[in-house]
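Presented below is the structure to which this report refers.
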Amino acid sequence: MAHLLIKNGRVIDPKSKLDEVADVLIADGKIVKIGTHLTVPSNVEVIEAAGLVVAPGLIDVHVHFREPGQTHKETIHTGAQAAAAGGFTTVVMMANTNPILSSPELVRETLEIAAQEKIHVKTIASITKDFDGITLTDFEALSEAGAVGFSDDGIPLTNTGVLRAALQKTAKTNQLISIHEEDPNLIGTLGINDGEIAHQCGFTGAPTVSEYSMVARDVMVAYDTHARLHIQHLSAGESVDVVRFAKKLGARVTAEVTPQHFSLTEQAVLSHGTNAKLNPPLRRSDDIVKIINGLKDGTIDVIATDHAPHTKTEKSAALAKAPSGMIGLETSLQLGLTHLVATGDLTLSELLAKMTINPANLYGFDVGVLAENSPADLVIFDAEHEFTVPVHFDSKAENSPFVNQKVIGQVKFTICDGEIVYRK
C-alpha cells in the first residue's frame with residue numbers, strides 16, 4: 001500500500017471551510033486521515049509542509065491543448081505538464097482543435113490520448129458541427145463518448161434560434177453549455193479593446209457592447225429554457241451586471257473570469273504587444289473594479305485560464321493580424337494571490353473555492369475537496385513567496401504578458417490520485 005504523509009501544512013478545504021494546521025495521510029489514491037500527530041507505517045514518504053498551504057488540486061474548466069491538429073503550439077502531454085506545474089489536477093479542454101471535436105469517434109480518440117497523462121484531462125465537444133453555427137451535434141452520442149459538456153468556444157453563436165434549440169436539448173439532461181460572448185458584427189479588429197490603445201494603433205477594436213449585448217441575450221434565453229448556461233471569460237463590467245441580474249431573476253447561469261482580465265488593462269498592449277492580445281480583449285480599470293466586485297459577491301463563480309498557446313512566429317505578426325490568446329496555467333494561482341488575496345479582495349479560501357469546488361460543481365466532478373475518503377488530488381504551495389515569472393515554461397509555448405513580472409506564490413508539489421506529479 002503506497003502511503004504519503006503531508007505534515008504540518010495549513011490545510012484549507014473551501015467546501016467544508018476547514019482552515020487549520022494539520023497532517024494529511026494518503027494511501028492508494030485517497031485521503032485516509034486528516035489530523036495531528038498521525039501514526040503512520042514505516043514505509044511512508046513524508047512531505048514537510050510547515051509554512052505551506054495544502055489545498056485541493058486546482059481545476060481549470062477552460063484550456064486549449066491544441067491536439068489534434070495543432071501540436072506545433074501545444075500537445076495534450078505538454079499541456080498536462082504545464083497544468084501540473086501550476087497546481088492543476090483536473091482540466092477541461094475546448095473543442096477548437098483540427099479537426100474540431102464534433103464527432104464521437106474523435107472525442108474517444110482524444111480522450112484515449114488524454115488518459116495517458118498523470119492528471120485528469122477531460123474534454124467538451126462542439127455545440128455545432130465543425131463550428132458552422134447552425135447544425136447541432138449529437139449531444140447524446142458525444143456524451144456517451146466521454147464529452148463532459150458543449151461549447152463552440154472561440155466562435156460566438158450569433159444565431160439565437162440555434163442557441164435556444166441547444167439549450168432546450170440540454171435542459172432535459174442538465175448538461176452544461178458554455179458560451180463565448182462577442183458579437184462579430186460589432187467588432188473591428190479582434191483582440192484589442194475599442195478604446196485608447198486601439199485608436200492609437202489606428203484601428204477600431206472590440207467594444208464592450210459586443211460582449212455584454214450577447215450576454216444579455218443569452219442569459220435571457222437560458223432563463224426562458226430553464227437550462228444551465230456558463231458564460232466564459234467575462235471582460236466587461238456591464239457583463240458582470242447582466243449576469244448578476246440574471247441570477248437574481250432565477251436563471252441557471254454561471255460565469256468565469258480569467259486571471260489576465262482582473263490583472264491587466266488594455267495598456268498592457270503597449271508594453272507586451274501581441275502577447276496581450278486576447279479574445280475578449282483586456283479592458284479598462286473600471287471593468288476590473290466590477291469584475292473584482294463580481295468575484296467578491298459570487299456573481300462570478302469560477303476563475304479559468306483560457307490557456308491558449310501560440311508559437312513565437314505566430315505571435316511575431318503585426319498586432320492586427322497575430323492570433324489572440326496567452327498561456328496561463330503556470331501563472332493562474334499566483335495572479336490570484338497577487339491581485340485578489342494580497343489586496344484583501346478575497347480570502348485565500350475564497351480564491352481557492354473559485355479554482356476548486358466551484359469548477360468541480362459545474363460538471364459534477366468528484367474532486368475539488370480535501371476531506372477524508374476523497375480523491376487525493378492536492379496542491380501544496382507557498383502563498384507568500386515572491387518571485388519573477390520566468391521566460392520559459394513547462395508549456396510548449398511562451399506567449400505570456402507576465403514574463404519577468406513579480407508575483408506572489410509558488411507551487412511546491414502537485415499530487416494527483418495520490419502520486420506526486422510535480423515537485424519544485
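List of remarks:
- Here L352 clears all of (1) closer than 19 Å to R10 by Cα; (2) in a helix (DSSP H, G or I); (3) of a type in the set (A, V, I, L, M, F, W, C); (4) touching a Phe, Trp or Tyr at 6+ places or on another chain (Cβ under 7 Å) except the condition numbered (4).
- Among residues of the range 210-238, those that are open to solvent by 50 Å² or more (accessible area, probe 1.4 Å) and part of a helix (DSSP H, G or I), counted: 6
- Of all residues in the range 30-51 being open to solvent by less than 20 Å² (accessible area, probe 1.4 Å) and within 22 Å of I357 (Cα to Cα), the one that is farthest from the chain's Cα centre (by Cα): G35
- Selection within the range 264-277: residues that are touching a helix residue (DSSP H, G or I) at 6+ places or on another chain (Cβ under 9 Å) and surrounded by fewer than 21 Cβ atoms within 10 Å (Cβ to Cβ). The member of this set that is nearest to K406 (Cα to Cα) is A268.
- Among the conditions (1) within 16 Å of the chain's Cα centre (by Cα); (2) surrounded by fewer than 19 Cβ atoms within 10 Å (Cβ to Cβ); (3) not aliphatic (A, V, I, L, M), K122 misses just one, which is (2).
- A count restricted to the range 239-262 and to residues that are surrounded by fewer than 23 Cβ atoms within 10 Å (Cβ to Cβ) and either hydrophobic (A, V, I, L, M, F, W, C) or part of a helix (DSSP H, G or I) (or both) stands at 7.
- Selection of the range 52-70 for residues being open to solvent by less than 10 Å² (accessible area, probe 1.4 Å), in a loop (DSSP other than H, G, I, E, B) and closer than 12 Å to L378 by Cβ yields only G57.
- The range 314-366, residues that are closer than 11 Å to T274 by Cα and either in contact with an Asp or Glu (Cβ under 7 Å, 6 or more places away or on another chain) or not hydrophobic (A, V, I, L, M, F, W, C) (or both): E314, K315, S316, K321, A322, P323, S324, G325
- The set of residues from the range 301-356 being over 22 Å from P280 (Cβ atoms), buried (at least 20 other Cβ atoms within 10 Å of the Cβ), of a type in the set (G, A, S) and in contact with a strand residue (DSSP E or B) (Cβ under 7 Å, 6 or more places away or on another chain) is empty.
- Looking across the range 376-396, the residues that are in a strand (DSSP E or B) and among the hydrophobic types (A, V, I, L, M, F, W, C) come down to L378, V379, I380, F381, A383, F387.
- Every condition in (1) hydrophobic (A, V, I, L, M, F, W, C); (2) out of contact with any helix residue (DSSP H, G or I) (no Cβ under 9 Å at 6 or more places or on another chain); (3) buried (at least 16 other Cβ atoms within 10 Å of the Cβ) holds for A80 except the one numbered (2).
- Set side by side, the residues N404, N373, N399 differ, and just one is in a loop (DSSP other than H, G, I, E, B), within 25 Å of E48 (Cα to Cα) and either touching a residue at least 40 places away in the same chain (Cβ under 8 Å) or not aliphatic (A, V, I, L, M) (or both), which is N373.
The values are calculated or read from the model by the stated rules, or taken from the named source; none is laboratory data. Just so it is clear, the model here is predicted, and its values are computed rather than measured. Cβ sites come from the backbone with ideal geometry, for glycine too, and all protein chains shown count toward neighbours. For the accessible areas, the whole protein counts, side chains as well, though only heavy atoms, and no ligand, DNA or RNA atoms are used. Shrake-Rupley method; radii C 1.70, N 1.55, O 1.52, S 1.80 Å.
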